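Report on the structure given below.
The values are calculated or read from the model by the stated rules, or taken from the named source; none is laboratory data. Small disclaimer: the values here were computed from a predicted structure and weren't measured. Virtual Cβ from ideal backbone geometry, glycine too; neighbours counted across all protein chains shown. SASA here: full protein model, heavy atoms, side chains in, ligands and nucleic acids out. Shrake-Rupley method; radii C 1.70, N 1.55, O 1.52, S 1.80 Å.
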Amino acid sequence: MTSPTNLLGGPPPTHLPAAPAVDAALAGGGDPREVAAAHPSASLPWALLAERALDAGEAVTAYAYARTGYHRGLDALRRAGWRGHGPVPWAHEPNRGFLRALAALQRAATAIGEEEESTRCRQFLGDCDPAAVGQLLPDAAR
């Protein structure tokens, strides 16, 4: 995937590397708990666990899962050259685990009344890629 030229002079988009073993395990019907245990540095299984917990009304559990996936994603972004700001495109499939964890953290923070964290996560998601906001937080005010 090629990236368009950045005419504003900001950092280039960050593209996380693919995680074929994680993707294969999840595509094969693997339980996200088992996939997270086998691949704890991958954000996607943590994000899936957080989303599952949110759907079950377990906001505190979701918050813990989402925070784990978020921090694992930050580690991966830094290894990929990200320096704390710049685009993290939703269109690049391997970025989606991190972006989903960030969105789940925003939702869980809202659910437990942690508004400052919720606002920060919503802003960060939009800074990464506004398309991710539309995909992951469709009811969020733009």
| query | Between Thr119 and Thr61, what FRET efficiency comes out of the Förster formula 1/(1 + (r/R0)^6) with R0 = 22 Å and r the beta carbon distance, rounded to 0.05? | reply | 0.50
| Can you give the relative contact order of the chain as a percent, counting alpha carbon pairs under 8 Å and 6+ residues apart? | 25 percent
| said: I want the local charge near Ala111. Using Cβ-Cβ distances under 12 Å, sum +1 for each Lys or Arg and -1 for each Asp or Glu among the other residues. | reply: -4
| request: First compute the accessible area of the chain with a 1.4 Å probe, then give the percent of it belonging to carbon and sulfur atoms. | output: 55 percent
| Which whole-number value in Å² is the accessible area per residue of the chain, probe 1.4 Å? | 54 Å²
| request: Grab the Cα-Cα distance for Ala18 and Arg33, subtract it from 0.36 nm times how many residues apart they are, and report the gain in nm with one decimal. | output: 3.4 nm
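Summing Lys, Arg as +1 and Asp, Glu as -1, what charge do residues with Cβ under 14 Å from the Cβ of Arg33 carry, Arg33 excluded? Before the final figure, lay out the partial values.
Numbers: positive: Arg52; negative: Asp31, Glu34, Glu51, Glu58.
So the surrounding residues net to -3.
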| query | Taking R0 as 22 Å, what's the FRET efficiency between Glu93 and Asp139 from their Cβ-Cβ distance, rounded to 0.05? | reply | 0.40
| What residues from region 56-70 fall in the zone where the backbone N is under 18 Å from a label point 7 Å along the Cα-to-C-beta line of Asp127? | 67, 70
